[in-house]
Each structure stands twice: as C-alpha cells, then as structure tokens.
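Some notes on the structure that comes next.
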Amino acid sequence: MQTTSRVPPETGFLPPAGWRTLQRLAIAAVGLWMAGCASLPSEVDRPVSTALANPAETRLGSLVAARAAKAGTRNDSGFALVGDAELAFTSRMTLIKAAQKTLDIQYYAIFADETTERMFDALREAADRGVRIRILLDDFNTSGKNAQVLKLAFEKNIELRLFNPLPGGRGSLMFRILGNLKDVARMQRRMHNKIFVADNAVAITGGRNLGETYFGQSTGTNFVDIDVLAAGRIAQDLSRSFDQYWNNPLAYPVQSLMTEKEIDALKPKPAPAGSPAAPKDMALAVNLPAGDGAAPSSPKPERPGPAVPTLPDSTDLRLLTWTWAPSVLLVDKASKIAADADTTEESQDTTVDGLLQLMSQAKSNLLIVSPYFVPGERMMKQFADLRQRGVRVRVLTNSLASNDAPAAHVGYARYRKALLALGIELYEMRAEQEGTFSSFGSAAISGGSIGGSTGGSTGGSRASLHSKVVVMDDRLLVVGSMNLDLRSQLQNSEVAIVIRNRAISAEATRLIEPTLASGAYHVELENQQLVWRAPQGSQLKDSLVEPDAGLGLKLMLKLIGPFAPDEML
C-alpha cells in the first residue's frame, strides 16, 4: 500500500506542526536578541508646554468660582468623592465634553477596549472643537492590543507622550520584559500617577486607570476603587505636577518611537472561527510592575457574569455633594523615575514618606485601604508605636484570591501574623461576590452574598480591591494612587491629595465600612493560627486557609514567600 509522507522536504524529519513551532521559537529568539540590542532615540524633539494660564476665563473655571461663592467659603478648593464605578466614567466624560481650552491626562495604564474607545471618541470631538489635549502615559502597558491607544498621538490637537519607555518591540508584554532584563531596575520604576484635568479648573485623581475593569464594565473581574473630584487651586497644583512630568526628558513623544503604520501592524488579527482564545500576557513571577490591574502575574478563571448595561455619557457634577476644605498635594518628583536607578536621590522625600509622617501623628484611629499592602520594617515600627499609644488601626486589603497581582500578596502574608499580634485589625476582600460589586457603598447582605449595587455597572461576579485611601482621626482624608508598599515608596512615582474636613472623611468611612462588614473576611490570630472570619449573616464558613484561593496560588505563596524581597513585591 502506498503511503503519503507528511514530512516536508525542507526538514526531512519534522512534521509541519513541529516545524512551525521551531519557526516561532526562532522568531522569538531573534526578537529577543533584537530587543536586547534596541535603544531609545537620543535626539528627541519635546516642545515645552504648560497648563492653561487663565482657567477662570473658561466655563468650568466660572462654575467653580460661582460654586465657591455660593458656599460662602474661604477655602480655595472643593472636593467630591467618586466611589461609584458609573460616576467615575461619566464624570470623566463630562469633563471632556465641558472642556473649552485644555485637557491634561496622566495615567499608569490606558487599556484598549470598548469603554475607553467611547472616551477616545469624546476626546477626538473635543480636539475637533479646538481643545488642546496632552496625554502622558507610562510605557509599560503599551504592548499588544493596548498599543492601539498610541494612535491618538496622530490625531489633530492631541499629543501623547510615553514616560520611561522600554526599547524594543511592542508585540508582546512578555517579550518586552525578557528583552529588557538587562535593565530590570529601570524597568521596575514606573510612573504610577493618575491625573485628569479639564481647563486647569476641575480634576480627578485617585486609584483608577482607564479601562472597562475600572468602570464596572467587565463581565469577569471588576476593580473596586475610589477617586476624588477636585476643583479650584488644588486642580492647578495637579496641573503643575503634570507639567513637570510632561516636560521631563523621560517623556518621549510617540512619534519619536513609532510610526502610525507600525502601530497598525500590531492590531490583533481576528482569531479563526472555532480556535481557542490566545493566552493573556503575564508578567513574570518576580512581579515586575504587574499590579494596578495590568498584566496579572497569575491567570485566574473568569466566571462570566450578566450582560453589562451601557454606561451613560455624562453626569451633572453640580448635583454632587461638594466639600470646600483645606488641602495639600503630595506628589513625587519626576526625578524619582531615573534612567539609572543608582542616580536617584536616596534622600528625596516621597509621597508615601509624607503619608507615613502624617499617619504617625494619628491620635485615635486610622482606616487604611491599600490593595497591595507590604509594610516593610519601617512601617511595622510605626504601627507598633501607634498601637502603643492606643491608636486603633483598621486595614482593608486584597485576599490572595481577589489580588490581581498575587505575588504582592506574598509580601503582605509574611507580615500578617506580626500585624495581628500588634492589634492591627485586618480585613481581606472577598473575591467571590455574587451579583454586582464594582463600587464602594453597594454592599448588602443578600442570601449569603453581596449584591444590590446602587451605581450602574452590573458587571462580573468577582471583585478586586484597587482603592488607595487613608482616613485619620475622622478628620483627615487621603485619596491617591499610592499603595502602602515599598514599590510605591521607593520605585514608582505617586500622587495623593490630603483633605482636612470631618464631613468628607465621614463620607469616605461610610463608603468603606459596609465592605468591612459584609464584603471582606476579618482575619484573626488564635493560638498562632490564622483564622478568616466570614462576614456575619453571610452563611459562609470561617476558614483556616486562604479562602477562595486555588491550590496553585497557595503553592506559589509557599514557594516564593521565603525568597522574594519586599521591594520587588
């Protein structure tokens, strides 16, 4: 019987599938070699520009002045909390539509999805009516599908710069990381600031990046976050900070790094019908900058939730509760992110340093919300001092299951027993939340689960904490981009607003406390054994092991725990 050989003549020994695999490996090896040899351009044209000089002459500036006059306040800055995912989206859209002169937008990550595409359409419309738009984006998450965000740089009246870019291609985040392993220290240092300013009059800052998971629109995991709307003088302080980063030598115009054609070439090709979905990029186990909802360092099964309703386009910001209060901006200098980590000023005070100094002055209580919580020795000494003075300290952080960067949980876990021994009250976010849970203040016990969101977004069934908030002595509120970990303190640049006002502090506490009661496990220490107490009335059982976490995550905790340094987590 005659047989038909499937061995291609070019190889003599490999079947087609093996040949294709070898080709891919060869291409990948060449790509890594080229990435390792790549470098950033040395001659870059960076026209210097600054924030709008006369915000009072704009419609938003006039509205802020009128609102302050109506409040009869002597304070020069007004604030409104944004704990609701829908409001987080609509408030940004409202500012885009209301802007007459300028929009300054600075983020760690902007993801390419349907939600941000609506925002991009609004930005294009604003640019068409003459609004100058400056977008400053950290470079780390601009590979693969997300590289399409960079096409905004080629739109009229829109400038887009990348901060601390990595040399090499953008086809894959994993290959970008591998191609830059020779300079891990630089790759670790990221611009983590999150600022959105319209006409230098009204701004938004806080924990959110831009993407569907931050606005309650994912059918899988949604991030629970808090922003603050800020108007008046504090918005101008945020603009000055933006200018310092925008005009820094580490800010590269997209056109100096890529052409529009090269970006188009990275557009994902539609998968053939019936083919399995391609795996998502993953950051490496050493937890290269993977938190903040970007490139999770361990894949988690997504359990599709109900269909997500369309978000409205705008909201009337005048209907929000505005609080006029004394405030101060904490922001890192752009020099903290240095091309050579050895040249960074070790004595430079950072946003986290300022926050720790503030916390050390607490007299009665501290409520801390930090998704990635790795105290380190200095913070532990401070917590010990606070407890010795009788200060109550409550901390809400992610559980192993809810953490989008499980490696960060390793650093927290090694301090957990010591924190509990000091009398720190620890709460860990529940990952498995049936119904909707994408906004603070939406928690309600119902049939053993949490549901009943009050604010738009009926997204996925999993929740991941992403808020960065501190409430001190019921009178000081801090909202920002920083985590209480060594990465935020030593490596990333951060920004935060400190507001001295009892009313808005109480409002933040009211948003957070329902999650402590019914959306989180209360971790306790009994006879040196960790116990996760289920929320009262939830019909869930207490646990002696990390709740809701699979065997793989628990094994990773055991294997990495003894070796990974705090500053890498």
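The values are calculated or read from the model by the stated rules, or taken from the named source; none is laboratory data. In this text the structure is predicted, and so the values were computed from the model without any measurement. Neighbour counts run over all protein chains shown; Cβ positions are idealised from the backbone, glycine included. What goes into the accessible areas is simple: the full protein's heavy atoms, side chains included, and nothing from ligands, DNA or RNA. Shrake-Rupley method; radii C 1.70, N 1.55, O 1.52, S 1.80 Å.
Just one of the listed residues (D237, D264, D243, D225) is touching a residue at least 24 places away in the same chain (Cβ under 8 Å) and open to solvent by less than 10 Å² (accessible area, probe 1.4 Å), and it is D225.
Cβ separations smaller than 6 Å between residues 6+ apart or across chains give the following pairs from the stretch 139-152 residues that are touching a residue at least 12 places away in the same chain (Cβ under 8 Å) to residues that are part of a helix (DSSP H, G or I): S143/L173; S143/R176; A147/I263; L150/V254; L150/I263; K151/I263.
In the stretch 56-89, the residue that is farthest from T509 (Cα to Cα) out of those that are assigned to a loop (DSSP other than H, G, I, E, B) and touching a Leu at 6+ places or on another chain (Cβ under 8 Å) is T58. The set of residues from the stretch 165-179 being open to solvent by 50 Å² or more (accessible area, probe 1.4 Å) and in a loop (DSSP other than H, G, I, E, B) comprises G169, G171. Contact map, the stretch 89-104: first residue within 17 Å of P55 (Cβ to Cβ) and open to solvent by 10 Å² or more (accessible area, probe 1.4 Å), second residue modelled with pLDDT of 95 or more and among the aromatic types (F, W, Y), Cβ cut-off under 6 Å, separation 6 or more or different chains; the map is empty.
Against the conditions (1) of a type in the set (A, V, I, L, M, F, W, C); (2) open to solvent by 30 Å² or more (accessible area, probe 1.4 Å); (3) modelled with pLDDT under 95, where does L330 fall short? Just the number, please. Going through the list (1) of a type in the set (A, V, I, L, M, F, W, C); (2) open to solvent by 30 Å² or more (accessible area, probe 1.4 Å); (3) modelled with pLDDT under 95, L330 breaks only (3).
Please work out if A421 is touching a Leu at 6+ places or on another chain (Cβ under 8 Å), open to solvent by 10 Å² or more (accessible area, probe 1.4 Å) and farther than 22 Å from G550 by Cβ. Criteria met by A421.
Residues that are open to solvent by less than 60 Å² (accessible area, probe 1.4 Å) and either at pLDDT 55 or above or more than 31 Å from the chain's Cα centre (by Cα) (or both) within the stretch 30-57 comprise A38, L40, P41, V44, S49, A51, L52, P55, listed in sequence order.
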